[in-house]
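Report on the following structure.
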Amino acid sequence: MSGIAFTDVTRAFERKGGAFQALEPVTLHVPDGEFVAIVGPSGCGKTTLLRLAAGLDHPTTGSVMVGGRAVTGPGPDRAVVFQQFALLPWKTVRQNIGFGLKCRGMSDAEARPLVERYLATMRLEGHGDSYPHQLSGGMQQRVAIARSFILEPEVLLMDEPFGALDAQTRIEMQEELIRLTAGQRRTVLFITHSVEEATYLADRVVVMAGRPGSVREIVDVASLRKAERWAERPVEEVMELDSFIRIRTRLWRLLRSAGAHRDDAATHTLPIAS
Amino acid sequence: MAAASPLHRSLLGAPVIGGAAVVGFLIAWWVSAKSFDPMRIPQPGDVWDAAVQLATTGYAGGTLAQHTLQSIMLAFMGFAVAAGTALPIGLAMGMSRSAEAVFGPIVAFIRPIPPLAWIPLAIIWFGLGDGAKIFVIWFTAFVPTLINTFTGVRTVDPTIIAAARVHGAGPRRMLLDVILPGAAPLIFSGLRVSLQASWMALVAAELIGAFFGLGRVLMTAAQDIFPGMIVVAMAAVAVCGATMTWLLGVVERRCLPWLKVTP
Amino acid sequence: MTMDMLAKSDLRPVRRRRGPAVGPGARLTLLSAASIAFALGLWFALAASGLLPKMLLPSPWDVAQALVKNIGVPFAGATLQQHLLASLGRFSAGFALAVAVGVPVGLMMGWFAPFRHAFAPFFETFRFIAPLAWVPFAALWFGTGIGGPILIVFSGAFAACVINTYRGARMTDERLIEACRTLGAGNWRLIVDVLLPSALPSIMAGIRVAAALGWQSLIGAELIVASSGVGYLIVQGQGSVETPIVMAGMATIGFVGLLIDLGLRQIDARIGRGWRAGA
C-alpha cells in the first residue's frame, strides 16, 4: 500500500508584500502501483507538489499522505530523482549508489553485493570507482536512479529527471525506466515538460494550470498502452502510432488552454476516482 | 544565501537565543567565579571596580580615555602611512607590468616575515617611542592593502576598460572614473583587513614596550596580577577594534553607494 | 572579514595577451632581477659606507654569518635549531587545537541555527580581541608552561578556522542536502558526508590563513613571555643590540612560515584530487 493522496492541499510562500499562493486547493490521488506524470507550464506548482510528497516542503493547509501515513519529512520509503542528478561529487559511483544503505546503518560488506547488482542493472560496470564528473550526463542520472532504486522505495518521485539530457540519451533513459518499473510495479510521480515523455511513460497524465497551481485535467493512457502493448515496442514505433499522436495532441491543446484561459481551470480541481 | 538547514530553522529568533546564551554565560561566571582563585579568574565585582578605577582615577599612568585616545591615534597614524604607501604602489603594480616586476619580488621577500617579528628591530632602530610602533604597523598593514589593490585593479572588467578607451578616456579619467571605482570593493576589503591588523599590531607593540596606551594597561595589570583590570583592558581593546571596523564599513558604504555591501 | 579573500589573491601576474610573445617577458624578468639586485646592493652599500653604525644596519654578510654561527654556538640559552624546535612544538599544539575545535564549531554553526545564534555573540566579541591581549591571562593561568603559548596561538588561529568553515558550510548546494535527506541521511551523516567535503576548499583556505596568524601570534607572545623560541631569540638579540642575530632570526621566522604554508598547500592539493579535478 503506497498510494499518494493530496487532499485540499495549498501552499503559500512568504514574499515581500504578502503571501504568494503557489497552489490553490489541489486534490489528487495516485493509487498504489500507478505511474502518474504531471505536465504544466512553468510555475504551475508541479515541483511544489512533488516536494510536498517528498517531505522536503510542507503544505500550508490540507494533507499529504503516502501509503496511508501523513508525510512529516523525507524518508527512504520515497525516493526522489532530481533533474540536476544531485550526486555527491566527492564520492565514487559505488559510494554514491551505496549512500542510502550506509544511512540505514548497513556495513560496506553487506552493501557491496547490492551495489554491484545495481551497477550491473544500470549498465555502469567498469565505472564503479569513477567520480561523477568523469561520467556523461546520462550515466550520472543512471547513478542517481540506482542510488534511489537500491533502497527499494515504495514510491518514486521524479522531478524532470531527464530534462538535462540530450534527446538521444533521453529516449534511452525513458526505455530504461519502462524496463525498471515493469519489473517491479512502483508508484511513480513523474514531472516533466515533455508531453511525449509523459504520454510514453505514464498510466495517467495530469495537466496542471498555473498561478496559482491547480489540476486542469487528467488523461488516461493506461488502457491504450496495455491494449497496444507499448511497453514491448521501441519508442520510435510507439511515437508513430495514431493513438499516441492523438493523446499527445490532446495534451498539447490542454496545456495551451491551461496557459491561456486560466479562469476555467478552477472548476477542474476535482478529486479523481481511482 | 539559502538556509542550509530547513529542519533546524529555529522558532526563536537569533536575538533571543543569543541573549540567553550571553546571560547564561554571565550567570555561570558569577556563580563559579567564587570557587576559583581570584588571582586567576576575576569576579564580576572586581571587573566593575577596575573599570570604575580606570575610567575615573586612572591606572598605569592615565585614565581610560587617555590610554584609548593614545592607542587609537597611533593605530590610525600607522594605518594612514601604510594605506598611503600601499595604495599608490598597488595601483601602479596593477596598471603597469613593469611596476609589478619591480615591486613584486621585494614584496614577495618581505611578506613571509610576520609583522610582529619586526618589533625588536623597530625598537633597535626607533626606541620605545611612537616611531617604532608606526613602523611596525606600517609593515603589518601594508601587505593586505597592497595585494587587494593590485588584485582589484587587475580584475576590473576588461570590457569596461575597452569601452572607456573607445570613448576617449585619457589616463587621468581612466584612473579616476574606471579603475579606482572598479577596484574599490577589493581595495576596501584590503583596507579593512589592514585596519584590523594595525590594531592588533599596535596592541602587541604596546605590550612589548610603551609608556602609555591600552597595551601598557594590559602589561601593567599583568605585572600587578590584577585580573579585573586585565579583563577591562581586553574589553577596551575589543570595543576599539570593533568600532574601527564598523567605522570603515560606514565610510565604505558612503564611498560605494552603488554596491550592495554585505556586512 | 576577508581573510579568505586574501588567502586566494596572490601576487601571481594576470596573463594578458597583448603585444609580442617573447620580448616583454624577458624584459620583465630582467626588471625583477634588477630590482632585487638594487635592493640588496643598496643594503650592502649603506652598511659598508659607515653612514649608519653597524649595530643599526649590519650588512647582509654579517646577518648570514650570525645565522650560521648560531647553528653551532648557542645564543640566549640555545642554538637556532633548538629555539626553532621549541617554537614549532608550541605552534603545532596550538594550531592543531584551533583546527580541531574551529572546524567542527564552524560546521555546527553552519548546520544548527540555535547553535549559531548562541555562539555568534561570543565569537563576534572575541574575534576583536587582539590575540596578544591574551598574554596577561596566558601568564596568569599557565605561568611559563606550554599552555600559555598554546592559548595565544589558538586565539590567533581559531577565528579564521571558524569563519571559513562556516562560510563554506553555508555555501553547500541545497539540492545535495535535500537529495541526501531523501535518501535517509541524518544530521551527523549530512555534516560529515555533505557539508564537510563541500566546505573543504574554503576550510583549507581558512586553515592557511589561520596558520599564518597563529605563527605570527606565537612569535609575538615569545617576544613577551618565553624563555626559549625564535621570538625569544630575536628579543634577546634586541636586548643585547646584536642586530645581526635579530635579522637572522627574522629571516628564519619568515622562512619557516613560508614552509608551513607550502606544506599546507601540498595537503590542500592532495585532498580530494580525484573528485576536485572536474568540480
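All of the numbers you see were taken from the coordinates with simple rules; none came from a lab. Bear in mind the structure is a predicted one, so any value in this text is a computation, not a measurement. Here Cβ is always computed from backbone atoms with ideal geometry, including for glycine, and neighbour counts include all displayed protein chains.
Couple of notes before you dig in:
- Per-residue packing, averaged as other Cβ atoms within 10 Å, sorts the ranges C:110-121, B:185-196 into the order B:185-196, C:110-121, beginning with the highest.
- For the peptide C:27-40, the mean number of other protein chain Cβ atoms found within 10 angstrom of a residue's Cβ is 4.
- One compactness figure for the stretch B:51-255 is 1.20, namely its Cα radius of gyration divided by 2.2 N^0.38 Å.
- Within chain A, longest stretch clear of exposed trypsin sites (Lys or Arg not before Pro) (DSSP loop, no more than 14 other Cβ within 10 Å): A:17-103
- Rounded to the nearest 20 debye, the dipole magnitude of the protein assembly as shown is 1300 debye, with +1 charges on Lys and Arg beta carbons, -1 on Asp and Glu beta carbons, and the Cα centre as origin.
- Long-range HN-HN contacts of A:GLN83 with modeled amide H, under 5 Å: A:ASP159
- Spread of Cα-to-Cα distances over 10 Å intervals beginning at zero, given as percent, for chain C: 6, 22, 25, 23, 15, 7, 1, 0
- Global geometry of the stretch A:135-240, whether rounded, prolate or oblate, following the gyration tensor of its Cα atoms and the 1.5 cut on a/c: rounded
- Per-residue HN-Hα couplings for the stretch A:158-175 [Karplus 6.51, -1.76, 1.60; θ = phi - 60°; Hz; x = Gly/Pro]: 10, 9, 6, x, 9, x, 9, 9, 6, 4, 4, 4, 4, 5, 4, 5, 5, 4
- Exposed GluC sites (Glu not before Pro) absent - longest run of chain A, DSSP non-H/G/I/E/B, at most 11 other C-beta within 10 Å: A:1-124
- Given R0 = 51 Å, the distance between the Cβ atoms of A:GLU152 and B:VAL22 translates into a calculated FRET efficiency of 0.55.
- Overall, chain C carries a charge dipole of about 980 debye about its Cα centre when +1 sits on the Cβ of Lys and Arg and -1 on the Cβ of Asp and Glu, all other atoms neutral.
- Shielding of C:213-220 by partner chains, average beta-carbon count, 10 Å: 5
- Working note: Karplus 6.51/-1.76/1.60 with θ = phi - 60° gives the stretch A:14-28 the couplings 6, 10, 4, x, x, 8, 10, 7, 8, 10, 8, x, 10, 10, 8 Hz, where Gly and Pro are set to x.
- Convex hull volume per residue in cubic angstrom - Cα atoms of the stretch A:44-152: 119 Å³
- Ranking C:VAL105, C:ILE253, C:LEU140 by Cα position along the charge dipole of the stretch C:68-272, where only Lys, Arg, Asp and Glu carry charges on their C-beta atoms, puts C:VAL105 farthest toward the positive end.
- Gained length - A:GLU232 relative to A:ASP8, 0.36 nm times residue gap less alpha-carbon distance: 76.9 nm
- Take every pair of alpha-carbon atoms less than 8 Å apart whose residues are at least six positions apart; their mean separation over the length of chain B yields a relative contact order of 24 percent.
- Around A:GLU172: net Lys/Arg minus Asp/Glu count, Cβ-Cβ under 13 Å: -1
- Eigen-decomposition of the gyration tensor built on the alpha-carbon atoms of the protein assembly as shown gives equivalent ellipsoid semi-axes of 62, 31, 26 angstrom, largest listed first.
- Under 14 Å from the C:PHE38 label point (7 Å along Cα→beta-carbon), backbone N, the stretch B:76-93: B:93
- For the stretch C:152-279, the Rg and Dmax computed from alpha carbons only, in angstrom: 20.1, 68
- Among C:195-203, B:214-222, B:73-81, the peptide with the highest mean count of other Cβ atoms within 10 Å heads the list, and the full ranking is B:214-222, C:195-203, B:73-81.
- Fluctuation leader among C:ALA169, C:ALA251, C:ALA33 - chain C, Gaussian network, Cα springs under 10 angstrom: C:ALA33
- Beyond 32 Å, the tail of the calculated P(r) for chain A holds 24 percent of the Cα pairs.
- Judged by the mean number of other Cβ atoms found within 10 Å, the most tightly packed of the peptides C:43-54, A:55-66 leads the ranking A:55-66, C:43-54.
- Computed from Cα positions, the angle between helix B:44-55 and the longest principal axis of chain B comes to roughly 60 degrees.
- For the protein assembly as shown, the number of Lys pairs separated by eight or more positions or lying on different chains, with C-alpha atoms closer than 24 Å, is 6.
- Cut-off 12 Å between beta-carbons: net charge of the residues surrounding C:GLY110, Lys and Arg +1, Asp and Glu -1: +3
- A simple rule links phi to the HN-Hα coupling: the Karplus curve 6.51 cos²θ - 1.76 cosθ + 1.60 with θ = phi - 60°, which for the stretch C:132-137 gives 6, 5, 7, 4, x, 5 Hz, with x for Gly and Pro.
- Residue among A:PRO113, A:SER130, A:SER148 farthest towards the positive dipole end of the stretch A:87-152, charges placed on Cβ: A:SER148
- Per-residue mean of C-beta atoms belonging to partner chains within 10 Å, peptide B:120-127: 6
- Alpha-carbon centroid distance for the pair the stretch A:1-70 / the stretch B:107-182, whole angstrom: 56 Å
- Placing unit charges on the Cβ atoms only, positive for Lys and Arg and negative for Asp and Glu, gives the stretch A:87-152 a dipole magnitude near 120 debye about its Cα centre.
- The stretch A:155-195 residues near the modelled A:ARG69 label - backbone nitrogen below 16 Å, point 7 Å along Cα→Cβ: A:155-156
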